[in-house]
Amino acid sequence: MAFVDATRSFKVGDVILVADSSLPRNSWMLGRITKVMPDSKGVVRSAEVQTKTSVIQRPITKLCLWHGEE
């Protein structure tokens, strides 16, 4: 299966929700991306996120874009 279109990649400064399967969606943490970690092809695979209480690193599959600049 081939990719049809490339989607927008996460960028530093994006406001995101950190997905947590043990919590309801309205309780997910809000955070801001402070650093992105791309793979060897330049595709962002994980990000460092500043939340209200700490700095965490999560794969992009666990992040939901809330607000970002184009």
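In the stretch 35-44, which residue that is open to solvent by less than 60 Å² (accessible area, probe 1.4 Å) and not charged (D, E, K, R) is farthest from the chain's Cα centre (by Cα)?
G42
Could you list, in sequence order, the residues of the stretch 45-64 that are surrounded by 15 or more Cβ atoms within 10 Å (Cβ to Cβ), under 17 Å from T7 (Cβ atoms) and in contact (Cβ under 8 Å) with a residue 24 or more places away in the chain?
If the condition is that a residue be surrounded by 15 or more Cβ atoms within 10 Å (Cβ to Cβ), under 17 Å from T7 (Cβ atoms) and in contact (Cβ under 8 Å) with a residue 24 or more places away in the chain, then A47, I60, K62, L63 are the ones that fit.
The values are calculated or read from the model by the stated rules, or taken from the named source; none is laboratory data. Since the structure is predicted, the reported quantities are computational estimates derived from the model, not experimental observations. We place every Cβ from the backbone using ideal geometry, glycine too, and count neighbours over all the protein chains shown. Note: accessible area is taken over every heavy atom of the protein model, side chains too, but ligands, DNA and RNA are not part of it. Shrake-Rupley method; radii C 1.70, N 1.55, O 1.52, S 1.80 Å.
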